[in-house]
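Single-structure report; data block below.
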Amino acid sequence: VQLVESGGGLVQPGGSLRLSCAASGDTFSRYSLAWHRQTPGKKRELVASITGSGETNYVDAVKGRFTISRDNAKNTISLQMTGLKPEDTAVYYCELYYPTMAWGQGTQVTVSS
């Protein structure tokens with residue numbers, strides 16, 4: 001399975017961005033996927049996840065600001081990010097964790113004025 005992220009960029013504090021992750025494979029509806037982020041010198045952090053049944057989970061730091069969703073017809077998941085803060089600056093990675101494992105190459109999100 002291959003994962004390809006898109007949608008990163010530079011945004012001002014308080015702004016919004018939408019990240020997308022396109023997955024290969026013909027059993028996408030069964031996949032459980034997640035978004036992680038990482039800054040230099042820090043461990044990769046789980047941001048949000050979504051199961052094949054649509055159950056979602058978020059790290060406390062993004063609850064109420066980020067929304068993870070999936071479109072099984074397009075084999076994609078998205079992360080809608082609003083109310084962005086400078087501390088959200090990171091490389092964001094898409095992960096497939098069930099029923100197999102794969103990582104995307106990452107997309108940079110920079111929140112700065």
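The values are calculated or read from the model by the stated rules, or taken from the named source; none is laboratory data. Remember, predicted model here, so these are calculated numbers, not experimental data. So basically every Cβ, Gly included, is an ideal-geometry build from the backbone, and we count neighbours across all protein chains shown. Ligands, DNA and RNA are stripped out before the accessible areas are found, and what is left, the full protein with its side chains, is counted by its heavy atoms. Shrake-Rupley method; radii C 1.70, N 1.55, O 1.52, S 1.80 Å.
Give me the extension gain from Thr56 to Arg18: residue separation times 0.36 nm, minus the current Cα-Cα distance, reported in nm with one decimal.
My answer for the length gained is 12.0 nm.
Contour minus end-to-end for Gln105 and Thr82, with contour as 0.36 nm per residue of separation and end-to-end as the Cα-Cα distance?
Here the answer is 6.0 nm.
What is the percent carbon and sulfur in the accessible area of the stretch 15-89, measuring with a 1.4 Å probe over the protein chains and ignoring ligands?
Values: 1860 of 3830 Å².
Summing carbon and sulfur atoms, their accessible area is 49 percent of the total for the stretch 15-89.
List the aspartates and glutamates whose Cα sits under 13 Å from the Cα of Lys63, skipping any in the same chain fewer than 8 residues away.
Within the straight-line limit of under 13 Å, Lys63 reaches these aspartates and glutamates: Asp88.
How much accessible area per residue does the chain have, counting only protein heavy atoms and a probe of 1.4 Å, in square angstrom? Numbers along the way, then the final one.
Working: 5860 Å² over 113 residues.
Here the residues of the chain average 52 Å² of exposed surface.
Which of the chymotrypsin sites (Phe, Trp or Tyr not before Pro) found in the stretch 44-113 are in a DSSP loop and have at most 10 neighbouring Cβ atoms, other than their own, within 10 Å? The partial results should precede the final answer.
Working: sites: Tyr58, Phe66, Tyr92, Tyr93, Tyr97, Trp103; in loops: none.
Loop-located and lightly packed - none at all.
Summing Lys, Arg as +1 and Asp, Glu as -1, what charge do residues with Cβ under 13 Å from the Cβ of Val1 carry, Val1 excluded?
-1
Kindly rank 6-13, 33-40 from highest to lowest mean number of other beta carbons found within 10 Å of each residue.
Most protected by this proxy first, the peptides run 33-40, 6-13.
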